[in-house]
Amino acid sequence: MGPQSDGCPRFFLLLTVMVVALIALMDGCAIPQVPSRIVYEDPVNFVRLETDKTVLPEWPQGHFSHPAPLGKEVMRTVLSGLRIQEHRILPQQWIQGVAPIVPAFDEEEVEWLSEQLAEGLAQARYNERVTFYLSEPLTFFRRMVTSGGLYVRGNELHILLGNWKIVYGIPAYGMIYDRRYPMRPTAAKGFDLLFEPAEAIIPQHSSLLDDLVANTKDELVIDLSKLAVSPKTGSGGPTSSPSLNLN
């Protein structure tokens, strides 16, 4: 009886060790949280303020110019001027031609985002970026996502589009990256981000590799002094999100 009774405690001890190890492994694989503050959020859309860890308190030259009271009209002008063009390298252009240029946002998205992004910039701290996430449910496990972020430094408005009308399938294991990292692409980028008027764009340097994989034109730097509308204090009150995205 002695050897048999000794086996039970050993079995439960081994089981306990395995459970603890499994919990530790799952904790290690968890998606890290991004420090953020919510400006607006509903089940499918959000605008929030995310802390940028690369902005150091002891180096004021690298601080964002936040809070930035650009106002809704400036944001509407910026969003209305953003354009998307499918990225095609030369061999693709020879076969398919040059891709058409289309607006990045429709009128409803421009109206809603201009309000919420202006509010976010007015609330942002020196080390916070304003990020946004728009989604349209397609099925229970798939949705179409447009997301990105922006910040102001001096007279420059930096805009990065992480995703544009990307169809995102929620993984079976439930790790949802698209909502946690709105400025990161969920798939290989296949678009260029443009702006009209083009003279307001501040050119950025890029490598040949960036040109080939379409990483050069997903971020724009816009000279605010060259816009037809001037920044104003205040951004108006809250509005509801685009109705087409609330289905």
Among residues of segment 37-60, those that are touching a residue at least 60 places away in the same chain (Cβ under 8 Å), charged (D, E, K, R) and in a strand (DSSP E or B), counted | 3
Members of segment 187-214 found to be modelled with pLDDT under 85 and surrounded by 18 or more Cβ atoms within 10 Å (Cβ to Cβ), listed by number = Lys189, Ala214
Going by the conditions given, is Glu156 modelled with pLDDT of 95 or more, surrounded by 21 or more Cβ atoms within 10 Å (Cβ to Cβ) and under 27 Å from Lys53 (Cα atoms)?
-> no
Out of segment 117-144, which residues are surrounded by fewer than 23 Cβ atoms within 10 Å (Cβ to Cβ), closer than 17 Å to Arg179 by Cα and in contact (Cβ under 8 Å) with a residue 12 or more places away in the chain?
-> Ser135, Glu136, Pro137, Leu138, Phe141, Arg142, Arg143, Met144
So is Glu136 assigned to a strand (DSSP E or B) and of a type in the set (Asp, Glu) or not?
-> yes
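The values are calculated or read from the model by the stated rules, or taken from the named source; none is laboratory data. What you see is a predicted model; the values in this text were computed from it and never measured. FYI the Cβ positions are ideal-geometry reconstructions off the backbone, even for glycines, and counts take in every protein chain you see.
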